[in-house]
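Contents: one structure, followed by commentary.
The values are calculated or read from the model by the stated rules, or taken from the named source; none is laboratory data. This is a predicted model, so every value here is computed, not measured. Note that we place each Cβ from the backbone using ideal geometry, even for glycine, and neighbour counts take in every protein chain shown.
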Amino acid sequence: MTVKVCFIGGARYNQPLDTSNAKKFRALTSLGKIFVIGFSPKLSLRRFREHAYFYLLPQFPMAFVRYAEIFLLGLPLACWLISRQGVQVLVAQSPYEGLPAVLAKKITGWLGYRVAVVVESHGDFQESLFLYRRVPLQRLYRFLMRRIASFVLTHTDVLRAISKSSKEQFERLRPTTPIFQFPAWSDIEAFLKISVNDARPPCPNILYAGVLSPVKGVHHLINAFALVAKDFLRARLLIAGREQNRTYVAGLRKQVRGLRLNGRIRFSGAMPQAELALQMRNACVLVLPSASEGLGRVLLEAMATGIPVIGSGVGGIPELVEEGVNGFLVPPGDEKALAEKIRWMLENPEQAHAMGCHGRAFVEGFFSTEAYVKAYRQIFEVAELLVSGTEHAPLTL
């Protein structure tokens, strides 16, 4: 199979690619020629080739500016890739990033080019924005988002969801469009390399890993840790992740100072996957207290290292966490319930270790690079049928 595909989205890419993205695009290029329209971490346009062909837009701090960029610059770039490079499939990472893809399909269609559009959902695209940050003129935002999503999904050829909850959201809006479901990319091998038999550190470490924004509920985790900290004087909380919302992070640091836990809660910033895997090995539990979550990939990564997890019972998290088997589920925002589960992990290290072993076994059967590539191959095959004009029945996988 040889196909030309362009991914369009808000993801950031460095040059050279980090290990995980290098492995991802190396795998995808086995399917065809891959182009990527994304963002550079710097305020400059970037173009380079590393497995795929990358066209990166400047990374401005304001979200609305980035959306404007991907529309004003991504649209003509997508049209150029279709007309000059022969791109046949456009893959958008959300319905909103699908707007330039759908418009590029229409514009080049008038010139005789046939293109299929794939729109993905990596979470609740209708509500998650308002959980990530405070949005001014919220009613206007919601109106515009509904109109854009409706327009894009009406003209989308194939949908891809990463969890049952995101699939159900698509089914409510576009029940007749082919839908594929498979998890987001993870370089899971880096985490599976960690031996479950490695000795755990004497200090019980609790770990959060992910972006730092209100939707992730880190403020609830800090309060929950404070409820158990006085009974477990050697326990520490490590908060690892990129500061997506600086105002929120400043509030978290102030919260820690107010609780007088400066020496026991540490912010490490973002880290490479290999380093994160080592931090997971040194933890007794990973906690993901999100208010909204597409799937919760970091839970898979933690389970792959052989540690148990605690997650909110939202989005795709219940698809990964089996209560009492590989971890625990708690209601989002329930700090008392979260504290109780953390306490259980600290009081029952042997049972927690057994949970971690169950989690590792689950991950080994849940995700693989081969399955990820196979799923995209199926999507691209359906897209090629659409481009060639071949009829097909509604499909859900």
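Values for this structure:
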item	result
Residue in the stretch 156-168 that is farthest from Gly296 (Cα to Cα), counting only those that are part of a helix (DSSP H, G or I) and within 17 Å of the chain's Cα centre (by Cα)	Lys167
Lone unmet requirement of (1) part of a helix (DSSP H, G or I); (2) of a type outside the set (Phe, Trp, Tyr); (3) buried (at least 17 other Cβ atoms within 10 Å of the Cβ) for Val91	(1)
Test: residue in the stretch 9-32 that is more than 20 Å from Ala184 (Cβ to Cβ) and crowded, with 17+ Cβ neighbours inside 10 Å	yes
Residue in the stretch 132-143 that is in contact with a Phe, Trp or Tyr (Cβ under 9 Å, 6 or more places away or on another chain), under 25 Å from Phe25 (Cβ atoms) and outside any helix (DSSP H, G or I) present	no
Some residue of the stretch 214-228 being in a strand (DSSP E or B) and over 18 Å from the mean Cα position of the chain (by Cα)	no
Every residue from the stretch 308-333 that is surrounded by fewer than 20 Cβ atoms within 10 Å (Cβ to Cβ) and in contact (Cβ under 8 Å) with a residue 40 or more places away in the chain	Glu319, Glu322, Gly333
Sole residue being at pLDDT 95 or above and assigned by TED's automatic domain parsing to the domain that holds Gln378, chosen from Leu159, Leu144, Leu207	Leu159
Qualifying positions in the stretch 33-48 - crowded, with 16+ Cβ neighbours inside 10 Å, modelled with pLDDT of 95 or more and either of a type outside the set (A, V, I, L, M, F, W, C) or touching a helix residue (DSSP H, G or I) at 6+ places or on another chain (Cβ under 6 Å) (or both)	Lys33, Ile34, Phe35, Ile37, Gly38
Test: Gly112 is buried (at least 16 other Cβ atoms within 10 Å of the Cβ) and either on the phi > 0 side of the Ramachandran plot or under 21 Å from the mean Cα position of the chain (by Cα) (or both)	no
Residue that is farthest from Pro61 (Cα to Cα) [pool: residues in the stretch 229-252 that are over 30 Å from the mean Cα position of the chain (by Cα) and assigned to a loop (DSSP other than H, G, I, E, B)]	Asp231
